[in-house]
Amino acid sequence: MLKKLTNAFGVSGNEREVREIIIEELKDCDVDLSVDSMGNLVVFKLAEDKSDAKTILFAAHMDEVGFIVTDITEDGYIKFEAIGGIDPKVLISKRVIINGCPGVIGLKPIHLTTKEERQTTPSIDELFADIGANSREEAKKLVEKGDYFGFDSEYREFGNQIKAKAIDDRLGCAVMIELLRKKWNVNLVCAFTVQEEVGLRGAKTAVRGINPDFAVVLEVTTCNDMTGVPKHLRVTEMGKGPAITVLDSACKTNRETVELLCNAAKKRGIPYQLKGSTAGGNDSGIIHLLDGGIKTASISVPCRYFHSASCVVSKNDIENCRKLAEGFLEDLGRSEN
């Protein structure tokens with residue numbers, strides 16, 4: 001499932017391919033689906049046994065970071081801007097695909113740079129995509145201004161880890177699909193949102209009016225557990241379980257929801273960690289403000305090499321993220337709750 005989702009194209013504002021895969025995966029499930037004018041997919045699965053069941057919202061975004069064509073040079077190179085937060089350092093010589101046409105992001109070779117240029121990180125303005133065209137006219141047969149494109153990077157497994165583009169946040173989408181395939185004693189609502197990477201835009205319309213008792217955003221988060229980084233500076237560590245966020249730049253998560261998640265993990269022996277930084281944000285930044293306020297928290301899988309062509313996560317962390325989400329639903333579906 002994660003392989004199919006990460007290999008799909010879905011730069012912010014162009015999530016259709018991802019949405020169609022999700023709808024196809026849910027065709028045999030007993031769910032109701034709706035797609036709004038922005039492209040958000042909201043899926044409802046009603047409780048099996050209880051008329052007074054709680055309503056629980058899970059959310060994950062379908063979009064990925066990528067690029068938009070801004071110009072085509074006379075000699076056929078593609079100039080572009082980033083969509084979402086991409087560090088130019090991760091772009092040089094990366095493969096991309098534009099309208100099905102393969103290309104490579106290029107930069108002037110080191111042999112031709114000045115000493116001063118070699119001491120600075122190139123800006124996106126200095127980069128270009130080479131699609132093999134020799135003139136503007138030749139390139140325009142394949143590409144136009146305003147076309148979106150993304151990394152050309154396939155899913156790979158190595159050791160106990162997975163490498164792919166768009167793990168942010170196809171991983172959360174994959175976990176929600178698994179949740180929707182099971183029966184619960186809660187009313188489960190799963191929002192597959194659009195345009196998260198460009199300002200949490202889709203969540204503003206996708207979630208409004210649902211009024212859930214609790215909301216949980218399923219995400220990935222930064223992981224800087226590499227060699228040379230002191231332990232006290234490691235935001236999260238791969239292999240030590242999903243991270244529960246207490247505070248980030250977009251949301252102060254709801255204390256009750258965080259405690260319910262931590263208790264669900266402890267009860268089942270699921271490893272988890274608390275995110276060790278307040279940087280970053282996700283759809284919880286919008287969701288917790290809607291409908292008069294929604295009790296919201298986040299479960300995130302630690303990810304190395306974030307927002308690049310080669311994001312890396314642990315298989316164990318993915319599995320424990322799923323188990324924690326299921327444990328949370330199980331606990332809220334019991335009669336004593």
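The values are calculated or read from the model by the stated rules, or taken from the named source; none is laboratory data. Note that this is a predicted model, so its numbers are computed, not measured. Backbone-built Cβ (ideal geometry, glycine too); neighbour counts: all protein chains shown. Ligands, DNA and RNA are excluded from the accessible area calculation, which covers all protein heavy atoms including side chains. Shrake-Rupley method; radii C 1.70, N 1.55, O 1.52, S 1.80 Å.
The figures follow:
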quantity	calculated
Residues within the range 293-308 that are open to solvent by 10 Å² or more (accessible area, probe 1.4 Å) and in contact (Cβ under 8 Å) with a residue 40 or more places away in the chain, tallied	7
When residues of the range 54-78 are limited to those that are over 30 Å from F128 (Cα atoms), touching an Asp or Glu at 6+ places or on another chain (Cβ under 8 Å) and not basic (K, R), the one surrounded by the most Cβ atoms within 10 Å (Cβ to Cβ)	A59
Neighbours by Cβ (under 9 Å, 6+ apart or cross-chain): first from the range 262-273, within 17 Å of T245 (Cβ to Cβ); second surrounded by fewer than 14 Cβ atoms within 10 Å (Cβ to Cβ)	C262/L274; Y272/K266
Some residue of the range 57-73 being polar (S, T, N, Q) and touching a helix residue (DSSP H, G or I) at 6+ places or on another chain (Cβ under 7 Å)	yes
Residue, modelled with the lowest pLDDT, within the range 229-277, restricted to residues that are among the polar types (S, T, N, Q) and farther than 26 Å from G293 by Cβ	T236
Residue check for L188: in contact (Cβ under 8 Å) with a residue 60 or more places away in the chain, assigned to a strand (DSSP E or B) and open to solvent by less than 10 Å² (accessible area, probe 1.4 Å)	yes
Among residues of the range 38-53, those that are surrounded by fewer than 18 Cβ atoms within 10 Å (Cβ to Cβ), modelled with pLDDT of 95 or more and either part of a loop (DSSP other than H, G, I, E, B) or acidic (D, E) (or both), counted	1
Failed item, numbered, when C29 is tested on (1) touching a residue at least 24 places away in the same chain (Cβ under 8 Å); (2) under 27 Å from H307 (Cα atoms)	(2)
Residue that is farthest from P102 (Cα to Cα), among those in the range 154-175 that are small (G, A, S) and touching a strand residue (DSSP E or B) at 6+ places or on another chain (Cβ under 7 Å)	G172
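Rundown of residues vs (1) of a type in the set (K, R); (2) within 30 Å of E319 (Cα to Cα), yes/no style:
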{"site": "K108", "(1), (2)": "yes, no"}
{"site": "D125", "(1), (2)": "no, no"}
{"site": "Y148", "(1), (2)": "no, no"}
{"site": "E154", "(1), (2)": "no, yes"}
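To keep it simple, each residue is scored yes or no on (1) within 30 Å of L46 (Cα to Cα); (2) crowded, with 22+ Cβ neighbours inside 10 Å; (3) at pLDDT 95 or above.
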{"position": "E138", "(1), (2), (3)": "no, no, yes"}
{"position": "F151", "(1), (2), (3)": "no, yes, yes"}
{"position": "K165", "(1), (2), (3)": "no, yes, yes"}
{"position": "L179", "(1), (2), (3)": "yes, no, yes"}
